[in-house]
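Structure first, then comments.
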Amino acid sequence: MNTDTKNHSVDKLAIAAYICGDIAEDEKYRLEQHLHGCSECKAYCEQVRAEKATFLARYPFESFQACVPQNSKNIIVFPIMYRFLALAATLVLVVGGPLLYTALKQESYHGIKGGAGIKIAVQNLAGDIEKRIDNTYYPGESIQFLYSCSDKNYLILLGIDENGKVSIYFPDAHDSSIALQKGADIPLPQSIRLDEYIGKELFIAFFSDKRLHVPDIRDQVLTAFNDARSLEKLSVKKNDAFEVSAIPIIKIKPRQ
Amino acid sequence: MPGVFINREASMDPLKAKSLYEKYGFLIYGRCLRILCSEEDAKDAMQDIFLKLYNNREKFRNNEHIIPWIYKVSKNHCFNIIRQRRKFVLAIEPDTIADEHALEHSISNRNLIRKIFGVHNKKIQDAVYYTYVEELNQNEIQRITAQSPATIRRNLNRFKNSMKNIKKRLGI
């Protein structure tokens, strides 16, 4: 750090290091002495400090964390040999389900970069990871969504039940979609614990190469539901803006 | 069927990631915003660069190398984004180069970056970018690019001369 307060240029890297806490004690002391007598450097230092505070207020770590994979004891996946079974089960659910949804078709992707899809793993009431060959689940079970996409895409994940109640699972309800990192079988940050509702529910994942707005997507789903008047007839189709991946489930009472 | 915990290279330890993010996130974002001139694009680019930083964090012998690394990687990453999108093309804007002495004050980052893309020599690009967009001094640029102050001055002169040549070719 140049200690000449009259004839020097602001050492921006040093000030950045000071704000980041990456500066040795003796250097820190010299810089603080310099800042005391140099209004130009002091102003720049305050500017950087304000930029940092503004950034963290606007983009807190939690919002960033939601779109990157992480280590967490709450995240569980099937061992490798069961991933194929889980994938097969998911495909059965998507393709063979009674509901009219557009399944993912590799040759007809548009509105997204590369391919993308979503599948689920379930932790049963005993705490075991289970292969679920039908689409039946129980209140209290935990579902972990795993997404795959071959390029960076944005995702909104929501669920709608037979009463037309929409639950936003990813990201927050009033936010825009969040960019996902590319990869295979990457768990979303939070697992979903199924509530006491008994009946059908449909999980719908919207992938897009452009940012989607959660309230807009929720409105589209509600409009489609109101037109169809039932989950069975509900049709949420892909369009130029997004690709859709849907997983229907039925929740029944716990086994006695 | 037993479950397994996720253990992939891209996985993150939330505590370590949070500490790193709160320390350097703003710096990465700021660099990206200067180049991409879009908050959304800068946020996306920041995510990518932060992951690179997180995955390489063990490789830094000490923290004093991290900030120059951020400047360098952010610039390269964002320039690549611009290249891929072909968002910017070299556009000659005579008004902005009429007075070379006012260059660094009179033109916006976007226009300057557009001009930098018209220069194919990476060392000149670096010298111009860090001098005029980041407004770093030559010692700081040396820490990032390893170009000596004399080389930086020479590269800046080459850039200014190339602007003059463009003016001549256009008959301005």
*Return yes when A:Ala224 is among the small types (Gly, Ala, Ser) and surrounded by 18 or more Cβ atoms within 10 Å (Cβ to Cβ) and no when it is not.*
no
*Report yes if A:Tyr137 is more than 17 Å from the chain's Cα centre (by Cα), open to solvent by less than 10 Å² (accessible area, probe 1.4 Å) and of a type in the set (Ser, Thr, Tyr), otherwise no.*
yes
*How many residues are of a type in the set (D, E, K, R), within 9 Å of chain B (Cβ to nearest Cβ) and without any contact (Cβ under 8 Å) to a residue 24 or more places away in the chain if we restrict to the range A:39-57?*
1
*For the range A:19-38, name all the residues that are facing another protein chain (nearest Cβ under 10 Å) and surrounded by fewer than 16 Cβ atoms within 10 Å (Cβ to Cβ).*
A:Gly21, A:Ala24, A:Glu27
*Does the range A:114-126 contain at least one residue that is modelled with pLDDT under 50 and touching a strand residue (DSSP E or B) at 6+ places or on another chain (Cβ under 8 Å)?*
no
*Which is closer than 21 Å to B:Met46 by Cα, modelled with pLDDT of 75 or more and surrounded by fewer than 19 Cβ atoms within 10 Å (Cβ to Cβ), of B:Ile81, B:Ile67?*
B:Ile81
*Applying the selection to the range B:20-55, what residues are touching a Leu at 6+ places or on another chain (Cβ under 8 Å), more than 7 Å from chain A (Cβ to nearest Cβ) and either open to solvent by 30 Å² or more (accessible area, probe 1.4 Å) or not hydroxyl-bearing (Ser, Thr, Tyr) (or both)?*
B:Leu20, B:Ile28, B:Glu39, B:Ala42, B:Ala45, B:Phe50, B:Leu53
*Keeping to the range B:56-68, report how many residues are within 11 Å of chain A (Cβ to nearest Cβ) and part of a helix (DSSP H, G or I).*
6
*Looking at B:Asn76, is it more than 14 Å from chain A (Cβ to nearest Cβ) and at pLDDT 90 or above?*
yes
*Kindly indicate the residue of the range A:183-221 that is within 14 Å of another protein chain (Cβ to nearest Cβ) and among the basic types (Lys, Arg) and also least open to solvent (accessible area, probe 1.4 Å) among those meeting that condition.*
A:Arg211
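The values are calculated or read from the model by the stated rules, or taken from the named source; none is laboratory data. Just so we're clear, the structure is a prediction, and the values are computed from it rather than from any experiment. Using ideal geometry, Cβ is built from the backbone for each residue, glycine included, and neighbour counts are taken over all protein chains shown. All accessible areas refer to the heavy atoms of the entire protein, side chains included, with ligands and DNA or RNA removed. Shrake-Rupley method; radii C 1.70, N 1.55, O 1.52, S 1.80 Å.
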